[in-house]
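*Asks:* Structure incoming, see below.
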Amino acid sequence: MPHIDQNRLDWVPIDPEQLKRIYDDVVITCGATILFNTHLSAVKRDGDGIDAIIVTNKAGLTAYRATTYVDCTGDADLCAWGGASFQKGNAQGACLMPATHCFVLSNVDEEALKAGPGIPAAWPDSPIYKIRDSGKYPLIPDCHICIAKLGPGTYGFNAGHVWDVDNTRPETVSTALVLGRKMAISYRNSLAEFFPSAFGNCFLVNTGSLLGIRETRRVIGDYVLTLVDYLQRRSFEDEICRNCYFIDVHPTKLEIANNPEEYRDSCEKGVHYGPGESHGIPYRSLIPRGLENVLVAGRSISCEQIVQGSVRVMPVCLAMGEAAGLAAAIASTSHKGRVRDVDASSLRQQLRQYGAYLPEVEEMAEAVAG
């Protein structure tokens, strides 16, 4: 394996426009055809598998048939509509994590920002606490705020929470988007007032075209990844990627109401790994029970709700997607679409050839024990 500088592995801001071009090129050069603005609308099941899907776009309704399917909808739509069992929220099907509507501010004075008291909510002297305590901006509900530099004087904000949102219920998403746009300008105006040296001349560039959804359905798969697996840094014989993100479960509305410092407390008390520590995600967690020719990747894999607070983030979702795509290709060409017939050790070896970080299970067990 190539040497990895652990000191350089941290939060990585994304240039969204550059990333769009990169993703376009990767998909097209692999021979796939892109259909933007196209949504899954229905699923046709046949026996123990999916026979066809129906999508909707400006051309109307179109049916597609494949040997193997990969559900990367984020909400496990294909699996759920195909009859697979799933969970949502806690044991009672409630308490989904809140959403966030991200936005971008530009014309920020970078020198003042560096010299000032700072923005992250984890800092006790962050102006976000003064803003909340002033009562002047009621649309700012809590002290959750993260920023990342995107370009000269331009910063992306992951700030605030919007509760009572279920991405499988479009009416709640629409209401949240209206509120989120109002919240974004409230953040701009409040920061300009309470931190004028850095934000006095800034302006709101845009709000996210989509709402930031943290949690909806989780399929019940051949293996359910547990908190114990996470705490033990467990490795699996069939693991298809590693994950090192901390348990990042955002508070409910009631928790915020009872304890205004809940977000900072949750960050400080969250389960964090040390340098070089990680856990495996088994291939079995990508296989929905009751479906023979479907894999799922992303935040809706088979796991406990608390573990979903870790595996829902972009780096590990990307790694899961690569593994699911390769496994689906193997299943469709060699096993008549049957995803359980894919040999996990062969899949792991092929992923390694593409550069995946997949140390031998024995190596990881020794590292944890040592």
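*Asks:* Working only within the range 161-207, note down all residues that are within 24 Å of G116 (Cβ to Cβ), in contact (Cβ under 8 Å) with a residue 40 or more places away in the chain and of a type in the set (A, V, I, L, M).
*Replies:* Residues satisfying the conditions are M183, A184, L191, A198, L204, V205.
*Asks:* If I filter the range 95-117 down to residues being in a helix (DSSP H, G or I) and open to solvent by 60 Å² or more (accessible area, probe 1.4 Å), which single residue comes out as nearest to P251 (Cα to Cα)?
*Replies:* K114
*Asks:* Another question about this same structure. Scan the range 57-94 for residues that are open to solvent by 50 Å² or more (accessible area, probe 1.4 Å) and assigned to a strand (DSSP E or B) and jot them down.
*Replies:* Across the range 57-94, the qualifying residues are L61, A63, Y64, V70, F86, Q87.
*Asks:* Taking only the range 299-327 into account, find how many residues are open to solvent by less than 10 Å² (accessible area, probe 1.4 Å) and closer than 24 Å to Y354 by Cα.
*Replies:* 7
*Asks:* Within the range 47-56, take every residue that is of a type outside the set (S, T, Y) and in a strand (DSSP E or B) and give me the one that is nearest to G290 (Cα to Cα).
*Replies:* The selected residue is G49.
*Asks:* Do we have any residue at all in the range 263-275 that's within 20 Å of A356 (Cα to Cα), open to solvent by 40 Å² or more (accessible area, probe 1.4 Å) and at pLDDT 75 or above?
*Replies:* yes
*Asks:* I would also like to ask the following. Looking at (1) among the aliphatic types (A, V, I, L, M); (2) more than 23 Å from N167 (Cβ to Cβ); (3) open to solvent by 40 Å² or more (accessible area, probe 1.4 Å), which is the one condition that is false for A52?
*Replies:* A52 satisfies all of (1) among the aliphatic types (A, V, I, L, M); (2) more than 23 Å from N167 (Cβ to Cβ); (3) open to solvent by 40 Å² or more (accessible area, probe 1.4 Å) except (3).
*Asks:* Let me ask another. Can you confirm whether R188 is part of a helix (DSSP H, G or I), open to solvent by 70 Å² or more (accessible area, probe 1.4 Å) and in contact with a strand residue (DSSP E or B) (Cβ under 9 Å, 6 or more places away or on another chain)?
*Replies:* Considered against the rule, which asks whether it is part of a helix (DSSP H, G or I), open to solvent by 70 Å² or more (accessible area, probe 1.4 Å) and in contact with a strand residue (DSSP E or B) (Cβ under 9 Å, 6 or more places away or on another chain), R188 comes out as no.
*Asks:* Picking from A356, A323, A344, A331, which residue would you name as being closer than 21 Å to A84 by Cβ and touching a Cys at 6+ places or on another chain (Cβ under 7 Å)?
*Replies:* It is A323.
*Asks:* Scan the range 55-70 residue by residue and report those that are under 14 Å from A42 (Cα atoms) and not hydroxyl-bearing (S, T, Y).
*Replies:* V55, N57, G60, L61, A63, R65
The values are calculated or read from the model by the stated rules, or taken from the named source; none is laboratory data. If you're wondering where the values come from, they're calculated on a predicted model, not measured in any experiment. Glycine gets a Cβ as well: all are built from the backbone with ideal geometry, and neighbour counts include every protein chain shown. Please note that ligands, DNA and RNA were not included when accessible areas were found on the heavy atoms of the full protein model with its side chains. Shrake-Rupley method; radii C 1.70, N 1.55, O 1.52, S 1.80 Å.
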